[in-house]
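The structure appears below as structure tokens.
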Amino acid sequence: MKLTDYLATEFASFSEMPFGEIDAAALADFMMARTEGMVPPLREPRRLSPARIKALKGLAGQPKSVRFVDLMRAEQFPIMFQDLEPERTKRTYLGLAASPRFREMRLAAAQDFFDDQRQNQFFATSFIQGKDFAFIGFRGTDVSITGWRENCNMVYSETVPAQVQAREYLEAVAPLLPDRLYLGGHSKGGNLALYAALFAPPEIQERIQMVYTFDSPGFRDQSVPEAAWKTLEGKIDRKVPTDSFVGLLMHTEAPIRVVSSSASGIPQHSLHTWEIEEGRFSPAETLSENSLFLNSVMNVWLERYNPTQAKAVVDALFAAIEASGATDATEVLFSGPKAIGLVREAARHLDAPTREVLMGALGSLAATVAAGTPTTLAARFGGKSAK
């Protein structure tokens, strides 16, 4: 069974079967739909003080909202479904709109930021189930060069604009929502959900039931205090597929749960390839050797650069992507074995200093691969799924 099969066959209400990981995955996948201008916006995006949050708790009333079926406008579909997997996201949406489990859920408090100059892409929405609970969803990286640039900026920055916006969004919307809160997202969306929860005021953290991250990158080492991790201990549900790459990047102080996928390699990043069994993602015994090796290579390679050097490499990489004429970052970054060749070709159009930085980084990466980097991640994860 896959995600859309679950939506087509699971009719239990949330009182009959509590909100769980597949529900969170379905809503996280729907976050890739372009509903800007269709879901009522958050009217109070400013950050609230802890005292104000406590005063408003339960008193502010729920925000304006719509149901999934209210977005059923065929003329809007070309706008709504245009990112990484438009047809799959559309099937998720139709499943949510038709499902008795989800059809009365309300969508509210959308917030959208996109800024080329700040290298910033952010979108969040709250999904409200009556007075019982709310799921706060964060969009992952879209196909834009700006979105992927912000993703890569996490390698050298302790925070990126979208992370700060995620925390501020949570603080602003929490007073408007039911007491029980779930947060989550796929890929970068999961990183944003976790960042918001880690740095939220205690008044909000105590309301959080679970943070779901689906194949999501972590944070730079020591950028999150140990005390913050302890606050969310037992409240982080972190899942990756067997061939995970994105979900093992950088550091997350939470156990991983490895799940089965019908795909192999990069396509496993899609939630639509993850296997479902008895209302949960089917567990896999281990991360693949390929996953461990590639992530070991990436981590060893990145350790060679301090933040200033890493920024120079990222600047050079995206200068090359823009020089290639690509408007969709995935045309280059997700082109498989051809990716390095495409970057090398694009580098010919860069100025000499930028080209030198990029070619040096590619050479260093090739040398790391050729050296047969030991699978250091195997020691960290034991090669096993967390039970």
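General observations
- Cross-link partners for Lys90 among the aspartates and glutamates, with Cα-Cα distance under 12 Å and sequence neighbours closer than 8 places in the same chain left out: Asp29.
- Distance in nm between pseudo-label sites at Gln117 and Glu16 (7 Å out along the Cβ direction from Cα): 5.4
- One decimal place: the segment Asp328-Ile266 gains 20.6 nm when fully extended, by the rule 0.36 nm per residue minus the C-alpha distance.
- Treating r as the C-beta distance of Phe77 and Thr159 and R0 as 45 Å, the FRET efficiency rounds to 0.80.
- Choice from Leu358, Leu192, Leu342 showing the highest fluctuation, given a GNM over the chain with Cα pairs closer than 10 Å: Leu342
- Beta bridges per DSSP with both ends in the chain, % antiparallel, nearest 5: 50
- When only the Cβ of Lys, Arg, Asp and Glu is charged (+1, +1, -1, -1), the dipole of the chain relative to its Cα centre reaches about 660 debye.
- Pairwise FRET efficiency - Arg103 versus Ala339, Cβ, R0 = 51 Å, nearest 0.05: 0.75
- Taking 20 Å as the cut-off, the amide N atoms of segment 186-226 that come nearer than this to a point 7 Å along the Cα-to-beta-carbon line of Thr308 belong to 221.
- Share of carbon and sulfur in the accessible heavy-atom surface of segment 66-154 [1.4 Å probe, %]: 49
- Backbone N atoms of segment 1-41 closer than 17 Å to the 7 Å Cα→Cβ label point of Arg67 belong to residues 11-15, 39-40.
- For the chain, the residue among Leu232, Val258, Ile276 whose Cα projects farthest onto the positive side of the dipole built from Cβ charges is Leu232.
- Counted charge near Trp274, where neighbours are those whose Cβ lies closer than 11 Å (Asp, Glu -1; Lys, Arg +1): -2
- The angle separating the long axis of helix 86-98 from the principal Cα axis of greatest extent in the chain is about 10 degrees.
- Residue with peak Gaussian network fluctuation, the chain [Cα springs, cutoff 10 Å], from Gly265, Gly189, Gly147: Gly265
- At full extension, Glu87 and Met1 could sit 29.2 nm farther apart than now, given 0.36 nm per residue minus the alpha carbon distance.
- The long axis of helix 352-370 is offset from the longest Cα principal axis of the chain by roughly 90 degrees.
- Helix content alone sets the calculated 222 nm mean residue ellipticity of the chain: runs of n ≥ 4 DSSP H residues at -39500 (n - 2.57) each, divided across all residues, give -11500 deg cm²/dmol.
- One Cα centroid belongs to segment 182-218, the other to segment 295-309; the line between them spans 25 Å.
- Helix axis angle, 21-30 relative to the chain longest principal axis, alpha carbon, degrees: 70
- Max mean-square fluctuation residue, GNM over the chain, Cα-Cα springs under 10 Å, options Glu104, Glu36, Glu303: Glu303
- Solvent-accessible heavy-atom area per residue, rounded to whole Å², over segment 269-363 at 1.4 Å: 52
- For the set Lys64/Lys188; Lys2/Lys188; Lys64/Lys239; Lys2/Lys235, the pairs lying more than 29 angstrom apart at their alpha carbons are Lys64/Lys239.
The values are calculated or read from the model by the stated rules, or taken from the named source; none is laboratory data. Predicted model, so just to flag it, every value in this text is computed and none were measured. Neighbour counts are summed over all protein chains in view; Cβ atoms, including those assigned to glycine, are modelled from backbone coordinates with ideal geometry. Only protein heavy atoms, including side chains, enter the accessible area calculation; ligands, DNA and RNA are left aside. Shrake-Rupley method; radii C 1.70, N 1.55, O 1.52, S 1.80 Å.
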